[in-house]
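Asker: Okay, here's the structure, questions in a sec.
Each reported figure results from applying straightforward, stated rules to the coordinates on display, with no laboratory input. Everything numeric in this text was worked out from a predicted model, so none of it was measured. Neighbour counts run over all protein chains shown; Cβ positions are idealised from the backbone, glycine included.
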Amino acid sequence: MILQALTQYYEDLLERGEIERSGWTKAKVSWALELAEDGQLLNVHSMQTEQTRGKKTVLAPQELPVPEQVKRTVGVAANFLCDNSTYLLGLDAKGKPERTAQCFEAAKTLHLTILKDVPGEAAAAVRGFFESWQPGQANHPVLASSLDEILKGGNLVFLCPGGGLAQDDREIQDAWQRYRETPGDGVLIRCLVTGRQAPLARLHPSIKGVKDAQSSGASLVSFNAESFCSYGHEQGANAPVGEYAAFAYTQALNDLLADREHVQHVGDTTIVCWAQGGDPAYQDAGMDMLYDEGAWTESDLRGAMEKLAQGRPAEWKDMILQPDTHFYVLGLSPNAARLSVRFFWQDSFAAFARNVDRHYRDLNIVDSYTPGDFTPSVWRLAQATVNQNIRNSSAAPRLAGELLQAVLYGTPYPDTLLNGVVLRIRAERSVTRSRAAIIKAYYLRKPNLMPDKEVLTVQLNEQSNYPPYVLGRLFSVLEALQQAANPRITTTIKDRFFNAACATPVTVFPTLVKLAQNHLQKLSAGQRTFYDKQITDLMSRLDETYPVRMTMPEQGAFELGYYHQTQKRFTSKKEG
């Protein structure tokens, strides 16, 4: 399904004129070799341009349309019109002159074969270059000033008489297409993607742009060891895909990965999305909903959701979204020279919007300092599980993919998310908004685990008599009382007793309640009455004995009670 969806996306973009046709691709080009009419090398021009990378401006290669490039392994394989200095000049810094000569000869044979009898000055110049150039001319005067940079490995192209690039010449383009379409000795198969008879793609083109994967590209489909093969098949014959489909899906995926505005990274997962028909409006809306915190308001989402749910088009930031448009989200992670698919989701855009909306409703929780609905990115949720004070504060690699799958499919959140949050609360004794939201959302999607669902609310539930929740509220009130009695205190009961109060209340609360009586004596009459009423009300909701031990869900209710009561206290202070 992934390859079919990407192949269709390629065809959608091709129809819109937004992607290279079959047989062509985009490559980074650093240098242009200017040729005379007879093929003599006249000059070398830098094709690098100033580009902004973060806060810096650097020189970087241009991306230009060039003939489709081969996928190299350990053998010698030349590209047409665009390649490195080893193939086009017979020069490199690897210290293997015999292999370098073989590479140049391969490029010479390829170019002379394709351009034989092709009319025009451009084709004649390129033929003349390969017929006259002697590989290994490191002392050529034209190369002197730029040879060191050229040998670093950037791609070179040919600049022909008249100032045009060789790959832009119509006669050369036609010759390349004829060469590609010439039947070879490849095996004809029934393509698994298109269902048509087609030449087998023995090796699939590389995918570039996945975070932490090989910069030269990695394979989405590959069979390079006997353990991956079956029935005597070799390489691509194990999952027969035609050359056209292999080209189409890699072109589409490389195009998605090159679009930095619509690529996100969470952990080791690189995430792209696209819509049926190729309209980028859905990519904009999808990425805004999932990752761009503050890009939209609750009213924006609710308004769009109501229309989409009713099967009506919705306006989103001056874009019109159709509810039945098919939408895709793909997550990829690096795996040596190959890529792993973390997840692949597909459904209507209305289903996507409903699931994202449910995700934010499940997470929504009060915060006195940041009023409004809670709409954290997936990245921020994952970061709530790690210590932010260490150098490598990245979330577990698999967590990001599992979390995003829960959002997209509307399924329970991963256990690793809750476990990570619980560990951070125990280590830091701090229930932040993100952590409280995760606890609430986790148990909302696993209602059989939480005995009292009334505690899974956005804000304080003052009517709840669920003991763990009430104990959390009581702990917050006792902490506030201690701070009121000792304004300059730096270490509160939270720092010393929070974990014990949460896990084994019977060992802590008798002492804390007794200590509270001493704190009450230090307050004014009005303050004493204020805190005494709260403590009395909460104590009346509890049994005569404190729980000996609390389960994980009960601890979650305790932490929510503590968080809700603390936020209520801060809200009251701001209002006062």
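Asker: Would you kindly state how much longer the chain becomes between ALA525 and ASP347 on full extension, computed as 0.36 nm times their sequence separation minus their alpha carbon distance, in nm to one decimal?
Answerer: In short, 57.8 nm is gained.
Asker: I'd like the Karplus ³J(HN,Hα) series for the range 192-206: coefficients 6.51, -1.76, 1.60, θ = phi - 60°, whole numbers in Hz, and an x wherever there's a Gly or Pro.
Answerer: 5, 8, 9, x, 9, 5, 7, x, 5, 7, 5, 10, 8, x, 7
Asker: Further question: Taking every pair of distinct Cα atoms and averaging 1/r, then inverting, what Kirkwood hydrodynamic radius in Å comes out for the range 396-455?
Answerer: Across the range 396-455, the inverse of the average 1/r is 12.2 Å.
Asker: Can you tell which of ALA480, GLY209, ALA198 lies farthest toward the positive end of the dipole of the chain, using +1 and -1 charges on the Cβ of basic and acidic side chains (Lys, Arg; Asp, Glu)?
Answerer: ALA480
Asker: Skipping prolines and chain starts, which residues have an amide H placed within reach, meaning under 5 Å, of the one on VAL157, given they are 5 or more residues away or on another chain?
Answerer: Under 5 Å from the amide H of VAL157: TRP31, ALA32, LEU33.
Asker: Which of the peptides 543-553, 527-537 is most tightly packed, and how do the rest follow, going by the mean number of other Cβ atoms within 10 Å of each residue? Could you put the intermediate results ahead of the total?
Answerer: Numbers: 543-553: 12.9, 527-537: 14.5.
Answer by packing, highest mean first, reads 527-537, 543-553.
Asker: Let me ask something else. Label the range 114-231 by shape, choosing from rounded, prolate and oblate, from the square roots a ≥ b ≥ c of the eigenvalues of the Cα gyration tensor; if a/c is under 1.5 it is rounded, and otherwise prolate applies when a/b is larger than b/c, oblate when it is not.
Answerer: oblate
Asker: For labels at VAL513 and ARG391 in the simple 7 Å Cα→Cβ model, what's the distance in nm?
Answerer: For VAL513 paired with ARG391, the spin-label model returns 5.0 nm.
Asker: Can you give me the relative contact order of the chain as a percent, contacts being Cα pairs under 8 Å and 6 or more apart? Numbers along the way, then the final one.
Answerer: On the way: 952 pairs, mean separation 58.2, N = 576.
Answer for the chain is 10 percent.
Asker: Now a separate question. Between ALA93 and GLU171, what FRET efficiency follows from the Cβ-Cβ distance if R0 is 41 Å, with the result rounded to 0.05?
Answerer: Working: r = 35 Å, r/R0 = 0.85.
Efficiency at R0 = 41 Å is approximately 0.70.
Asker: Using only Cα atoms, tell me the angle between helix 552-575 and the longest principal axis of the chain; keep it within 0 to 90° and round to the nearest 10.
Answerer: Helix 552-575 sits roughly 80 degrees off the main axis of the chain.
Asker: Continuing with the same structure: With θ set to phi - 60° and the Karplus curve 6.51 cos²θ - 1.76 cosθ + 1.60, what are the ³J(HN,Hα) couplings of the range 494-503 in order, to the nearest whole Hz, using x for Gly and Pro?
Answerer: 5, 5, 9, 10, 4, 5, 5, 4, 6, 9
Asker: Roughly what % antiparallel, to the nearest 5, for the DSSP beta bridges in the chain? Show your work: numbers first, answer last.
Answerer: Details: 46 of 52 bridges.
Here the antiparallel bridges make up roughly 90 percent for the chain.
Asker: Going by amide H atoms built from the backbone, whose H comes under 5 Å of the H on ASN43, apart from near neighbours?
Answerer: Counting only residues 5 or more places away or on other chains, the set is GLU34.
Asker: What residues qualify as long-range amide H neighbours of ALA27, i.e. H under 5 Å apart, gap of 5 or more or another chain, H built at 1.01 Å from N?
Answerer: Here the answer is LEU64, VAL66, since their amide H atoms fall under 5 Å of that of ALA27.
Asker: Now for a different question. Could you tell me the relative contact order of the range 419-555? Use alpha-carbon pairs under 8 Å, at least six residues apart, and round to a whole percent.
Answerer: Values: 108 pairs, mean separation 38.9, N = 137.
For the range 419-555, the relative contact order is 28 percent.
Asker: Next question. Under 14 Å from a point 7 Å along the Cα-to-Cβ line of ARG549: which residues of the range 500-520 have their amide N that close?
Answerer: Residues passing the 14 Å test: 503-507.
Asker: If you don't mind, another one. From the phi angles alone, apply the Karplus equation (6.51, -1.76, 1.60; θ = phi - 60°) to the range 517-528 and give each ³J(HN,Hα) in whole Hz, x where the residue is Gly or Pro.
Answerer: Those phi angles translate into 5, 5, 5, 4, 5, 8, 9, 6, 4, x, 5, 4 Hz.
Asker: What residue among THR57, GLY95, ASN79 has its Cα farthest toward the positive end of the dipole of the range 55-103, where the charges are +1 on Lys, Arg and -1 on Asp, Glu, each on the Cβ?
Answerer: THR57
Asker: For the range 393-443, what does the relative contact order come out to in percent, with C-alpha contacts under 8 Å and a separation of six or more? Show your work: numbers first, answer last.
Answerer: Working: 26 pairs, mean separation 14.8, N = 51.
With pairs under 8 Å counted, the relative contact order is 29 percent.
Asker: Here is a further query. What is the magnitude of the charge dipole of the range 485-550 about its Cα centre, with +1 placed on the Cβ of each Lys and Arg, -1 on the Cβ of each Asp and Glu, and no other charges, expressed in debye to the nearest 20? Walk me through the numbers before you get to the answer.
Answerer: On the way: 9 positive and 5 negative charges, 52 e Å.
Dipole size: approximately 240 debye.
Asker: Ok, one more. For the chain, what is the charge dipole size about the Cα centre, in debye to the nearest 20, if Lys and Arg each add +1 at the Cβ and Asp and Glu each add -1 at the Cβ?
Answerer: 2940 debye
Asker: Based on alpha-carbon centroids, what's the gap between the range 46-111 and the range 406-469 in Å, whole number please?
Answerer: Measuring centre to centre over Cα atoms gives 54 Å.
Asker: Report the equivalent ellipsoid semi-axes for the chain in whole Å, largest first, defined as the square roots of five times the eigenvalues of the gyration tensor built from alpha carbon atoms. Write down the numbers at each step before the final one.
Answerer: Details: eigenvalues 815, 127, 92 Å².
Three semi-axes, in Å: 64, 25, 21.
Asker: On full extension of the chain, what length is gained from MET1 through ASN139, given 0.36 nm per residue of separation minus the C-alpha to C-alpha distance?
Answerer: Working: separation 138, 0.36 × 138 = 49.68 nm, distance 5.36 nm.
That works out to 44.3 nm of additional length.
Asker: Put +1 on the Cβ of every Lys and Arg and -1 on every Asp and Glu Cβ in the chain; which of SER219, PRO468, GLY267 then has its Cα farthest towards the positive end of the dipole?
Answerer: My answer, from the dipole projection, is PRO468.
Asker: Just subtract the alpha-carbon distance of GLN483 and ASN335 from 0.36 nm times their residue separation and send over the number in nm, one decimal. If you can, show how the numbers build up before the last one.
Answerer: Working: separation 148, 0.36 × 148 = 53.28 nm, distance 5.23 nm.
The GLN483-ASN335 span can extend by a further 48.1 nm.
Asker: Could you name the lysines whose alpha carbon sits less than 26 Å from that of LYS494, not counting residues in the same chain fewer than 8 places away?
Answerer: Cross-link targets: LYS440, LYS453, LYS514, LYS522, LYS533, LYS568, LYS573, LYS574.
Asker: Could you give the nm distance between label points at ALA258 and ASN419, where each point is 7 Å from its Cα heading toward the beta carbon?
Answerer: For the pair ALA258/ASN419, the computed spacing is 4.2 nm.
Asker: Same structure, new question: For the chain, find the longest principal axis of its Cα atoms and tell me its angle to the long axis of helix 397-409, 0 to 90°, nearest 10.
Answerer: The answer is roughly 80 degrees.
Asker: If one computes the Cα centroid of the range 359-375 and of the range 137-160, what distance in Å separates the two points?
Answerer: The range 359-375 and the range 137-160 have Cα centres spaced 58 Å from each other.
Asker: Something else now. Report the label-to-label distance for LEU188 and GLU11 in nanometres (one decimal), using points 7 Å from each Cα along the Cα→Cβ vector.
Answerer: Taking the simple label geometry, LEU188 and GLU11 are separated by 2.1 nm.
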